[in-house]
Each structure stands twice: as structure tokens, then as C-alpha cells.
Amino acid sequence: MQGATSPEEIHELVNSLNSKEKVDRSLELIDYYYQQHGDGLVVANSLGKDSVVVWDLAKRVSPKIRGFVVTTRFKPAATKQFMGELVAKHPETLVFQNDVEIADELYKTDPDQCCDLLKVQPVRQAVEEMGVSCWVTGLRCTEGRTRTDYLEVEERDVDLLKLNPILLWHEREIWQYIALEKVPVNPLYGEGFRSLGCEPCTHISTGANERDGRWVGTSKCGGECGIHTRPLKVGATA
Ligand code: SF4
């Protein structure tokens, strides 16, 4: 199982597979690449609803699979507490945070630079320090305008594969899985959030897209922090 090879095939599968078939496909994808990469396969956990599903799926493939969390000084208190609970239960999840000094309210004046320093760089550090050759994400192609054209397997960086095993899942299928498998989830969803990030850049939104509440009021609104778009090998600057 090497994944669909074109966005057209992805979009066809999003609506033709049922939720059980999507779960089976995700498990097969993780299993296939775990057999290829062993300990080099590591789950990136953003502590959101999609990440906890991917983490649960990975643990069904092998309890030995490791993870990493990138956190920032701006994460909500509830997210930090949720992270603490997850790491206490799964010490094979390592936490990365960049404590570099930054300008006051950089998230307002230059959110791209803020995300690059506080999110992208710690992911690069995690990839380097954990010896990651295949990182596994919770990216889904129906989340918003910036996520429609990804593939289940990407080769953006040399010697670093990116696996998006739940790319085909709808939002409702995420919640269906969480309910059926009783997966612990960040309590902020109970307040109405649909997509979670740093506190100053995340709002409750009732817009059409899940990510409409991210970076509201900036050119980045509904967009990306950069970990899915920027090179991730140490030394990369593009
Ligand atoms: S989400 Fe906001 S606060 Fe967090 S790193 Fe990006 S710009 Fe900075």
C-alpha cells in the first residue's frame, strides 16, 4: 500500500470510501511504512483531534511507534495540560519547544516569522534528533483551502518521507472514530473550536472551512504555519 498518486485519485477516494474502509486504509498505510522505516517512523502530534486519531491508529499498528509534540509559549493552558497527560501516558512522545527571544506580538506583526521560529524550527530539531526518516501527520484534504492538493505520501525533503494516513477522512469521520474508540481529546473542542493552535491566533469560527478560525485578521487567515510547506531538514532555509 503506497498511497494514491494524484490529487484527482485522492478526491475520488474521499467520497467513495466509507469510514470503515478509510480506517483500514490508514492502518495499512502506517503498517506498510512502519515495516520500511521501523523506528525512523515517528508521529507528529499537534494535540488536535486529527493528531489523536493518527496517534491511536499508529499505536494499533505497533505500541513501539514514537511521537513528538511541538509546543510554543502561546499554547492555551488546556492544550498544555492535555499535552502533559499524553506525555505522562506515552513517554515515547518527546516535546520540542523553541524558547528563543522574539519581538513582542510578533504573531501580529509577522506571523510567518513567528511560526517559522516557534513551530517549523522545532520540527526540524525533532526530525534531526529523533532520526526521523518518515514523519506521520494528521493532515486532511478537506480541512480548508490550503490542504486540497496533498498526497498520502510526500517526498518534499531528501531522505525524509511524509505520510498523511488520514488525508481522505472527513471531519465527521474523525469525530466518529474518537467516539467509537473513546480516544481522549483536547477539551477546547467542547467550547466550540474546530481547529486548535496558539491562543492569540486561534478563534472560534462558524465558517465553511475548519481552519477559518486560524490567524483571523492577518494575511495568513485559514492558512498554514509552515510545517506542511517548508523544508524540514536541519540547515534548510527555503
Ligand atoms: S500560531 Fe501564532 S503564536 Fe503560534 S507560532 Fe504561529 S504566529 Fe506565533
Fill in: Under the Karplus curve 6.51 cos²θ - 1.76 cosθ + 1.60, θ = phi - 60°, whole-Hz ³J(HN,Hα) for segment 170-187, x wherever Gly or Pro sits
7, 4, 5, 6, 5, 5, 4, 5, 4, 5, 5, 9, 6, 7, x, 9, 4, x
Worksheet entry | the chain - mean residue ellipticity at 222 nm from DSSP helices (-39,500 (n - 2.57) per run, n ≥ 4, rounded to 500) | -10500 deg cm²/dmol
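Any idea what the dipole of segment 103-209 comes to, in debye rounded to 20, about its Cα centre with Lys/Arg Cβ at +1 and Asp/Glu Cβ at -1?
On the way: 11 positive and 19 negative charges, 88 e Å.
It works out to roughly 420 debye.
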Practice prompt. Mind scanning 22/119; 89/162; 59/108; 49/108; 22/108 and naming the pairs with a C-alpha gap bigger than 32 Å?
Written response: 59/108; 22/108
Worksheet entry | Computed label-point distance, nm, for sites residue 149 and residue 191 using a 7 Å Cα→Cβ extension | 3.5 nm
Worksheet, complete the sentence: Quick calc, residue 6 & residue 92: beta-carbon distance into FRET formula, R0 35 Å, rounding 0.05, result 0.50
Worksheet item: What is the extension gain from residue 99 to residue 218, computed as 0.36 nm multiplied by their sequence separation minus the C-alpha to C-alpha distance, in nm to one decimal?
Response: 40.5 nm
Worksheet item: How many percent of the accessible area of the chain is carbon or sulfur, using a 1.4 Å probe?
Response: 51 percent
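If eta is 1.306 mPa s and T is 10 °C, what Stokes-Einstein diffusion coefficient results for the chain, Kirkwood Rh from Cα pairs, in µm²/s? Let's see the in-between values first.
Working: Rh = 18.0 Å.
It comes out at roughly 88 µm²/s.
The values are calculated or read from the model by the stated rules, or taken from the named source; none is laboratory data. Fair warning: this is a prediction, and the values are worked out from it, not measured in the lab. Positions of Cβ are generated from backbone atoms using ideal geometry, with glycine treated the same way; all protein chains shown enter the neighbour counts. Calculation scope for accessible area: heavy atoms of the full protein, side chains included, ligands and nucleic acids excluded. Shrake-Rupley method; radii C 1.70, N 1.55, O 1.52, S 1.80 Å.
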